[in-house]
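Asks: Quick one: structure below, then a few questions.
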Amino acid sequence: MIKILFVCLGNICRSPMAEFVFKDMVKKEGLADEFIIESAGTSSEESGNPVHYGTKNRLLREGISVDGKYARKMTKSDYGKFDYLIGMESSNIRNMTRIVGTDSEHKIKKLLEFAGSDKDISDPWYTCNFDDTYSDICKGCKGLLEYFKMRGLC
Ligand code: 4NP
């Protein structure tokens, strides 16, 4: 079982988008039982709130529902519960590292690393561009699944 926590700042735009895109991707490949996939934010600002309508609507166009997802803050104990804690941008990585103390097991990654890029995923909370964010998240998620397949992990 591979346990993945996608992380952004608020857990209402990017990390739930990554959570539900990756869930959809592994389901379509018949690999859903091999993963536990969740998302969280480094801030508690949006805790308890549903997914942002921009993410919700962008994913509905792909036939992906985010129903039942409410924002939650990442905690230190998530470090023990997940194998990969994957942030969307460099500031997420800094905040995640602050929450856990030290990343002694090198579990903290940035999503587009898996697509061979050191780019950040832009925040549609500020850009209002959910299409560009969706496109980058798809690239990262494809790379992530390929990473596991190449290593025979799924
Ligand atoms: P996210 O976007 O980190 O992709 O969920 C944001 C959502 C809310 C806020 C910032 C970013 N906020 O400041 O409340």
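The values are calculated or read from the model by the stated rules, or taken from the named source; none is laboratory data. Here the structure is a predicted model, which is why all the values come from computation and not from measurement. Using ideal geometry, Cβ is built from the backbone for each residue, glycine included, and neighbour counts are taken over all protein chains shown. What goes into the accessible areas is simple: the full protein's heavy atoms, side chains included, and nothing from ligands, DNA or RNA. Shrake-Rupley method; radii C 1.70, N 1.55, O 1.52, S 1.80 Å.
Asks: So, in the range 96-124, of the ones that are surrounded by 15 or more Cβ atoms within 10 Å (Cβ to Cβ) and of a type in the set (D, E, K, R), which residue ends up nearest to Asp83 (Cα to Cα)?
Replies: Lys107
Asks: A further question follows. Of the numbered conditions (1) surrounded by fewer than 22 Cβ atoms within 10 Å (Cβ to Cβ); (2) within 14 Å of the ligand (Cβ to nearest atom), Cys13 satisfies every one except a single condition; which is it?
Replies: So Cys13 meets the others, but not (1).
Asks: Now, a different point. Of the conditions (1) within 16 Å of the ligand (Cβ to nearest atom); (2) open to solvent by 40 Å² or more (accessible area, probe 1.4 Å), Glu29 fails just one. Which one is it?
Replies: Going through the list (1) within 16 Å of the ligand (Cβ to nearest atom); (2) open to solvent by 40 Å² or more (accessible area, probe 1.4 Å), Glu29 breaks only (1).
Asks: Using the structure shown, decide if Ile4 is β-branched (Val, Ile, Thr), open to solvent by 10 Å² or more (accessible area, probe 1.4 Å), away from the ligand (no atom under 13 Å from the Cβ) and in contact with a Phe, Trp or Tyr (Cβ under 7 Å, 6 or more places away or on another chain). It would help to see each step written out before you state the result.
Replies: On the way: β-branched (Val, Ile, Thr): yes; open to solvent by 10 Å² or more (accessible area, probe 1.4 Å): no; away from the ligand (no atom under 13 Å from the Cβ): yes; in contact with a Phe, Trp or Tyr (Cβ under 7 Å, 6 or more places away or on another chain): yes.
Taking the combined requirement at face value, the residue does not satisfy it.
Asks: Still on this structure, please answer the following. Give the residues of the range 121-135 that are within 11 Å of the ligand (Cβ to nearest atom) and free of Cβ contacts under 8 Å to residues at least 40 places away in the same chain, sorted by residue number.
Replies: Ser122, Tyr126, Thr127
Asks: May I ask you to list the residues in the range 36-70 that are within 13 Å of the ligand (Cβ to nearest atom) and assigned to a loop (DSSP other than H, G, I, E, B)?
Replies: Residues satisfying the conditions are Thr42, Ser43, Ser44, Glu45, Glu46, Ser47, Gly48, Asn49, Val51, His52, Val66, Lys69.
Asks: Within the range 123-141, is even one residue in contact with a strand residue (DSSP E or B) (Cβ under 6 Å, 6 or more places away or on another chain) and either more than 18 Å from Lys3 (Cβ to Cβ) or in a helix (DSSP H, G or I) (or both)?
Replies: no
Asks: Considering each residue of the range 71-86, count those that are surrounded by 15 or more Cβ atoms within 10 Å (Cβ to Cβ) and in a helix (DSSP H, G or I), and give that number.
Replies: Restricting attention to the range 71-86, the residues satisfying the condition of being surrounded by 15 or more Cβ atoms within 10 Å (Cβ to Cβ) are 71-74, 78-79, 82, 84-86.
From what is left, the residues that are in a helix (DSSP H, G or I) are 78-79.
Matching residues across the range 71-86 total 2.
Asks: Testing Leu5 on (1) under 16 Å from Asp123 (Cβ atoms); (2) touching a residue at least 24 places away in the same chain (Cβ under 8 Å); (3) of a type outside the set (Asp, Glu), one condition comes back false. Which one is that?
Replies: Evaluating Leu5 over (1) under 16 Å from Asp123 (Cβ atoms); (2) touching a residue at least 24 places away in the same chain (Cβ under 8 Å); (3) of a type outside the set (Asp, Glu) leaves (1) as the failure.
Asks: If you don't mind, another one. Across the range 125-154, what is the total count of residues that are open to solvent by 50 Å² or more (accessible area, probe 1.4 Å) and not aromatic (Phe, Trp, Tyr)?
Replies: 14
Asks: Pick out the one residue from Ile86, Ile64, Ile37 that is touching a Leu at 6+ places or on another chain (Cβ under 6 Å), β-branched (Val, Ile, Thr) and farther than 14 Å from Cys13 by Cα.
Replies: From the options Ile86, Ile64, Ile37, the qualifying one is Ile86.
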